[in-house]
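None of the figures in this text is laboratory data; all of them are computed from the coordinates on show. Keep in mind that this is a model prediction, so the values were computed, not measured. Counting neighbours? That spans all protein chains shown, and the Cβs are built from the backbone with ideal geometry, glycine included.
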Ligand code: HEM
C-alpha cells in the first residue's frame, strides 16, 4: 500500500453496510485523496462535486484501461478473448467511443424507451403475481433481479432462458467482491461470456428479427460500421451495464423507503413524487459507489493536486453527491429535493446511455411493489440488510413481509 493511502475496506462489514462516514472523511480531508481499493488497487479519488464534474469532462482522463500503469489492474485484464470484450464504448475514448455510441444511441432515447412502458409494467406485474399470495418475499431474488435482465434481453433479442448463465458470468466480471478478484476466475467468465455472445451473434445472423442485435449485425455486415470484435463487446456491455445497476436502484430504493418511514408515507400520499424520489435514491445511495474510473493520459492537475500519468483516478460520484457545497443538508434523504443534478449516471460523453431506461424501470418497479404488496415491511432489522461488497452497491437480499 502506498504511504498515506486510505484503504477502502471491502472486507469490513461495517464499511460495506455504511461507507458514508468514510466517504465524508475523505471529502473533508481534501479534494483528491489516495485510496487503496480492496487491498489491491491504488487510486486517486476526486471527492467534491465541482471537481468531479470537471474531471468527468476532462479529455486527459482516459476510459481505456490500456492507459493505466497499475500492473495489478493490467494483470486483471483477461489474457485472451476478454480483451476484445473490453473494446466497448464504456472503455474507449473518441473517436471510437463516438462511433460505437452512435450505433445504439437511438434505441435508448427517452422517447423510444417510453414505448417500452406497457411491456415493463407487464413484466413487473407478472413477477409480483408470483409472490403476492405468499405474504413474504426476497425482493432482490424474486423481483429486482429478474426485471431488468428480462427487459434488456427482449430489447436485444436474446433468449430469456439463457439469462442464468450470462447473469452468473457478468456478475463475476463486473462485481468486485471483498477480495481482489481471482484473475483466473474472471478470465474464465470472460471466455464463457465471449463464447456465448459469439454463438448468439451467429444464431441471430442466421435468423434475424426486429430487435437491436439484428440491427447491429446489419450495421456490421452491410455498412462495416464496426468490427466483429466490437459487435461482441457491444452486446456484452449492453447485457452487463444495464443489469446489476438497475437491480440495485430498484431494491436499494425500496430499502431506503422502508428504512425512512416518513418518506414512504409522503410518497404513498402523493405518487407524483416518484420521479423525484428516484433521483434522490440515486443521489443519496446510488448503485455506482464510490465512483467512476479513469486513467491519466498525462500528468493532470486536479484541484491543485498533480495526479501522475498512468494513475487510476476514481471520480467519487457517490462521495460528491453528498457534498454540502452542492446539496443542502446532503445526509438527509428527501424525496422532494429540488435541483438534484447528481452524478450517479456520470457526466459528459460517457453519461449513462441507459439512464432513461433505468429511470423508467425504477419508477414502474417501485410503484408496482408499493401498490401490489400492501403493508410492505422489512422482515429483518434495518441494520441486518446485507449489502454487496464492491464498487456496485445494493442489497444482496431484501426480505420483506406484506398482506397476502
Ligand atoms: C454508462 C450508471 C443503468 C448502459 C454509465 C455510467 C454510469 C452508469 C455512472 C458512466 C460510466 C463512465 O463514465 O465511465 C448507471 C446506473 C444505472 C445504469 C446507476 C441504473 C440505475 C443502465 C442501463 C443501461 C446502461 C439500464 C442499458 C443498457 C450504459 C452504457 C454506458 C453506461 C452502454 C456506457 C456509455 C458510454 O460509455 O458512452 N452508467 N447505469 N446503464 N451505462 Fe449505465
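General remarks:
- Ordering of 128-135, 300-307, 393-400 by burial proxy (mean other Cβ atoms within 10 Å per residue, highest first): 393-400, 300-307, 128-135
- Using 0.36 nm per residue and subtracting the Cα-Cα separation, the extra length available between residue 50 and residue 224 on full extension is 58.6 nm.
- Rg over Rh for the chain works out to 0.95, both radii taken from alpha-carbon positions and Rh defined as the Kirkwood radius.
- P(r) histogram, all alpha-carbon pairs of segment 185-263 included - 5 Å bins from 0, percent: 3, 13, 18, 18, 12, 10, 8, 6, 6, 4, 1, 0
- Cα centroid of segment 202-241 to Cα centroid of segment 261-283, whole Å: 38 Å
- Alpha-carbon Rg with Dmax, taken over segment 80-164, Å: 17.0, 53
- Extension gain (nm, one decimal) between residue 396 and residue 203, 0.36 nm per residue minus Cα-Cα: 66.1 nm
- Sorting the segments 279-289, 8-18, 372-382, 353-363 by their mean number of nearby beta carbons within 10 angstrom, highest to lowest, gives 279-289, 353-363, 8-18, 372-382.
- From most to least packed by mean Cβ count within 10 Å, the peptides 197-208, 96-107 give 96-107, 197-208.
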